[in-house]
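Before any comments, here is the structure.
Just so it is clear, none of the values below were taken in a lab; they were calculated from the coordinates. This one's a predicted model, so the numbers in the text were calculated from it and none came from an experiment. Every residue, glycine as well, gets a Cβ built from its backbone with ideal geometry; the counts of neighbours run over all protein chains shown.
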Amino acid sequence: MILVLCCLAQFMVILDVSVVNVALPSIRADLGFSAVDLQWIVNAYTLTFAGFLLLGGRAADLLGRRRVFVFGLLLFAAASLVGGLSNSQAMLVIARGVQGLGGAIVAPATLSILTTTFSEGPERNRALAAWGAMGGAGGATGVLVGGILTDLLGWQWILFINVPIGVIAAIAAMRLIPESTRAAAGERQFDVAGAVSVTAGLVVLTYAIVRTDVNGWTSPETLLVAGAGLALLVAFVAIERHASRPLVPLQIFSSRVLTAANVVVFMLGSSVFAMWYFVSLYLQQVLGYSPIRAGIAFLPMPLAIVAASTVAGRAAARVGAGRILAGGMGLIAIGMVLFARVPADGTYLGDVLLPAVITATGIGFAFVPVTIAATTGVERSQAGLASGLVNTSRQVGGSIGLAVLATLATQHTTAVAGSGPVDAAALTAGFHRAFLVGAGFALIGSLVAAVVLAPRRVSAPRPAPAHAET
C-alpha cells in the first residue's frame with residue numbers, strides 16, 4: 001500500500017507538468033497569453049519544482065518523511081484550487097509556481113520513502129520500476145487527461161482535479177506510512193540561501209533565453225540578464241561549498257555513476273518535456289484537433305511507457321541499468337528525428353503514431369534505469385538528497401530545454417513566415433527545428449550512458465542471503 005500511495009503521488013506531480021499542454025490554446029484564448037509567454041504556464045511549475053526539489057529532499061531526511069510528504073500534498077492541492085480559480089495571467093502563473101513548490105516537496109519524499117522501505121536489490125528495483133513507470137506514464141497521461149477535462153468541463157478542471165486526490169492521499173499517508181526519525185533540533189538546518197539562489201538563477205537564465213525572440217541571442221540585454229542568472233548559479237555553488245548544512249554537499253558528485261546519471265536525466269528532460277509541448281501544438285494548431293481528440297491521440301504513449309518500464313526494471317537487473325538507459329535515450333532520439341519530418345498536411349496514423357510510440361518506448365526504457373543508477377549505493381541518510389538530485393536534473397533540463405526549443409521554434413517560424421501570416425507550413429517548420437535540436441539532446445544522453453554507465457553495470461546488486469527464507 002505504501003508503494004501504491006507513493007506511485008499515486010508521483011503520478012499526480014509528474015502529470016501536472018504535461019497536463020496543461022493540451023489546454024494551452026484554451027488558456028491562451030481565455031486569459032490572453034502571447035505565444036512566447038504561454039510557456040511560462042509550464043515553466044512556472046517546472047522551475048520552482050526544480051529549484052526546491054533538493055530542499056524538499058533535505059526536509060524529508062531531517063523533519064520526517066511522512067510529515068513532509070503530507071504537507072507537500074496539501075500545499076499542492078491548495079495551489080491547484082487557486083490556479084483553477086485564476087482570472088488573470090499573473091494569478092495563474094503564481095499558482096503554478098506554488099504548485100511546483102508542493103511538487104518539489106512531494107516527489108523526493110516519495111522516492112525517499114521507497115528507498116528506505118525496500119531493501120537494495122531486486123525488491124527495491126521492482127519498487128523503483130513501478131515508481132518510474134508512474135512518473136513516465138504521468139507525463140504521457142497528462143495530455144490525455146488534460147484534453148478530456150478541457151473539452152468537457154473547461155481548462156480550470158485540469159487543476160481542480162488535484163484537490164480531492166491530494167487530500168485523500170494525505171489522509172491515506174497519515175494512516176499507512178510510518179514516520180521516520182526526526183533529526184535532532186540542532187541538526188535541523190536548511191540551506192534556504194542555496195534554494196533561493198539556484199531557483200532565482202534558473203528563472204533569470206530561462207527568462208533571458210525566452211526573450212531572445214525579441215532581443216536576439218547576442219544583444220546586450222540578453223547577455224546581461226543571462227550573466228545575472230549564471231552569476232546566481234555560481235553563487236549557489238559558492239554557498240554550497242561553505243554552508244555548514246549545504247543543500248547539495250558537493251562531494252556527492254565524486255560518484256561518477258551518480259554524476260553521469262544526472263547528466264543523462266538532464267538531457268532526458270530537455271528533450272521529452274518539449275516533445276509533449278510541440279506535439280500537442282502540432283495536433284491542435286496544424287492538424288486542427290480538438291483538445292479531447294488530441295488527448296486521445298496521445299493514448300498509445302502511456303501504454304508504451306508502462307510496458308517498456310516493466311521490461312526495463314527486469315532487464316536492468318540482468319544486463320545493467322546503463323545499457324538499458326543508453327538504448328532508451330537512443331530510441332528517444334530516433335523518435336524526435338521522425339517527429340522532425342511531420343508535414344503541414346500530415347495525418348495522425350501516417351506521420352504521428354510511429355514516432356510517438358518509438359519515443360514513448362524510449363522514455364519507458366530510460367526512466368527506470370536512470371533512477372536505479374542515481375540511487376544505487378547511496379547512504380540511507382542521503383536518500384532524500386539523491387532522489388531530489390535526479391528529479392531536479394530532470395526538471396531543470398525540462399525547463400531550460402523547453403525555453404531553448406520554444407524560442408528556436410518561434411524564431412524559425414517567424415523567419416519562414418516573413419512578412420506574411422503565420423500559416424501551418426511556418427508553424428511546422430518551427431516545430432521541425434525544435435524536434436531536431438531535442439533529438440540532439442537525447443543523443444548526448446545516450447552517448448553519456450553508453451560511455452560512462454554501460455561498462456560499469458550500475459544496477460543494484462543482489463544481496464547475498466543471510467539465512468534461509470521460510
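For the reader, a short list of remarks on this structure follows.
- Helix 256-281 vs. the chain, principal-axis angle (Cα, 0 to 90°, nearest 10): 30
- Potential extension, Ala424-Tyr348 segment - 0.36 nm per residue separation minus Cα distance: 25.8 nm
- Gain in span if fully extended, Ala90 to Ser255, counting 0.36 nm per residue against the direct Cα distance: 55.3 nm
- Burial ranking of peptide ranges 141-147, 348-354, 422-428, 105-111 (average Cβ count within 10 Å, highest at the top): 105-111, 141-147, 422-428, 348-354
- For peptides 162-175, 66-79, 20-33, sequence by mean Cβ density within 10 Å, most packed first: 66-79, 20-33, 162-175
- Take the chain and mark each of the GluC sites (Glu not before Pro) that is in a DSSP loop with at most 15 other Cβ atoms within 10 Å; the longest unmarked stretch, sites excluded, is 180-378.
- Ranked packing of 356-369, 288-301, most packed first, by mean Cβ within 10 Å: 356-369, 288-301
- Over region 191-246, relative contact order from alpha-carbon pairs under 8 Å, at least 6 apart, %: 48
- Sorting Ser86, Ser219 by the number of Cβ atoms found within 10 Å of their own Cβ, with the fewest placed first, yields Ser219, Ser86.
- The angle between the Cα long axis of helix 2-18 and the longest principal axis of the Cα atoms of the chain comes to about 20 degrees, rounded to the nearest 10.
- When each of Thr116, Thr375 is scored by the number of other beta-carbon atoms lying within 10 Å, the sequence from fewest to most is Thr116, Thr375.
- Ranked for footprinting exposure by Cβ neighbours inside 10 Å, fewest first, Trp217, Trp157, Trp276, Trp40 give Trp217, Trp157, Trp40, Trp276.
- As a calculated quantity, the FRET efficiency between Ala415 and Arg175 at R0 = 60 Å, using C-beta atoms, amounts to about 0.55.
- Label sites at Val311 and Arg241, each approximated as a point 7 angstrom past Cα along Cα to Cβ, lie 4.6 nm apart.
- With a Förster radius of 30 Å applied to the beta-carbon distance between Ser119 and Val163, the computed FRET efficiency rounds to 0.25.
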